[in-house]
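Worksheet for the structure shown next.
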Protein chains: 2
Amino acid sequence: MTTVTNGVNVQALLDAREVLKGAPEAAQFTWRASASWQHGVHSQIKVQSFFGLGEEREHKAESVFEADHPEVFAATDNGITPIEYLIVGLASCLTAGVASVAENRGIQLRSVTSTVEGEHDIRGILGADSDVRNGFNDIKVTFHIDADASREDIEALVAQSQKRSAVFDALTNPTNVTVEVA
Amino acid sequence: MTTVTNGVNVQALLDAREVLKGAPEAAQFTWRASASWQHGVHSQIKVQSFFGLGEEREHKAESVFEADHPEVFAATDNGITPIEYLIVGLASCLTAGVASVAENRGIQLRSVTSTVEGEHDIRGILGADSDVRNGFNDIKVTFHIDADASREDIEALVAQSQKRSAVFDALTNPTNVTVEVA
């Protein structure tokens, strides 16, 4: 294997894999977000704390996000729409995977960019047609990758990233979601 | 119906519903995000343009997001993790729904906050156990709502929001995702 410098500490991840095989309770993470309604359909969402490796932890900094609807929905467009956050997550998850797999395979990356497009028939959320689902009809991700590797090897990187992606799984397979009033 | 001031233009949404019933092609939206790998598992994602109501459109401003992994994953923690973006989207989508349904039902909201917790067994993404999925095991959303309404009416608001939520649907039902190298 060539020594590459994509910046991913693959050895730490391989070590974590071995350790967590024997300590499944440490592998249980809880990710958290807190939302606060502002006005109209505008809300503000904060993320900082999470639980993992057996204890409460925090990101280095609190991240604050705004979500709203665009003016074409008669809203104030103070931020992207909630559904767009899903494709932000998908793009970044697959990109992190490409970098990690490349590092593990000794492939030097020069640039990785991607575009995600989510097709959405808004008749679902408006209640205009009960046969139309509320979410995306489908999502397409297109990668442009400049790397020291053949096209075949680059396609294999992307395929492996997809196979290990948390967000790809969350969007392509159902998750149980419970919603309660405190 | 009481006149309420939650700030949601419900009449515009009801009008859009009627118009789009007879113009399904106008209801086809495309949401877009572009990601650019930075270093390690850190990427930057930009969102501004989208397609809808038959033409290319833009949010008022470009939104720029950072995604990374935390230091406990031997990464640089320059932003929240990709999977956390999914719960940001879920929290904001359900909150927008609560405000919209409340407006439609004549319920004045005073405050709406929520916490979303996503349980995640990271043995999946690490490849430590092939029986563990990559995404969330389950997600729990807890709302705190102060409104001029009974507890029963508040619970009905949340239930209706869930029923019409784009992100709730996207997480609880599968979506086809295609990933390609250009």
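Among the residues of region B:145-165, is any at pLDDT 95 or above, under 30 Å from A:G54 (Cβ atoms) and buried (at least 21 other Cβ atoms within 10 Å of the Cβ)? No, region B:145-165 contains no residue that is at pLDDT 95 or above, under 30 Å from A:G54 (Cβ atoms) and buried (at least 21 other Cβ atoms within 10 Å of the Cβ). Against the numbered list (1) crowded, with 21+ Cβ neighbours inside 10 Å; (2) of a type outside the set (F, W, Y); (3) in contact with a Gly (Cβ under 7 Å, 6 or more places away or on another chain); (4) closer than 30 Å to B:A26 by Cβ, A:A99 comes up short only at (4). In region A:49-68, what residues are more than 7 Å from chain B (Cβ to nearest Cβ) and under 21 Å from the mean Cα position of the chain (by Cα)? Of everything in region A:49-68, those that are more than 7 Å from chain B (Cβ to nearest Cβ) and under 21 Å from the mean Cα position of the chain (by Cα) turn out to be A:S49, A:F50, A:F51, A:E58, A:A61, A:E62, A:V64, A:E66, A:D68.
Among the residues making up region A:36-82, those that are among the polar types (S, T, N, Q) and either in contact (Cβ under 8 Å) with a residue 40 or more places away in the chain or within 21 Å of B:F168 (Cα to Cα) (or both) are A:S36, A:Q38, A:S43, A:Q44, A:N78, A:T81.
Which helices (runs of 4 or more DSSP H) sit wholly inside region A:99-173 and have at least 1 residues that are more than 7 Å from chain B (Cβ to nearest Cβ) and either closer than 28 Å to B:S100 by Cβ or without any contact (Cβ under 8 Å) to a residue 12 or more places away in the chain (or both)?
Fully inside region A:99-173 and qualifying: A:123-126, A:151-163.
Would it be correct to say that B:E119 is among the charged types (D, E, K, R), over 19 Å from B:R164 (Cβ atoms) and either surrounded by fewer than 24 Cβ atoms within 10 Å (Cβ to Cβ) or in contact with an Asp or Glu (Cβ under 6 Å, 6 or more places away or on another chain) (or both)? So B:E119 passes the test. Taken residue by residue, region A:19-35 has at least one member that is surrounded by fewer than 24 Cβ atoms within 10 Å (Cβ to Cβ), within 7 Å of another protein chain (Cβ to nearest Cβ), over 18 Å from B:G135 (Cβ atoms) and free of Cβ contacts under 8 Å to residues at least 40 places away in the same chain.
The values are calculated or read from the model by the stated rules, or taken from the named source; none is laboratory data. Note that this is a predicted model, so its numbers are computed, not measured. Cβ: placed from backbone, ideal geometry, glycine included. Neighbour counts: every protein chain shown.
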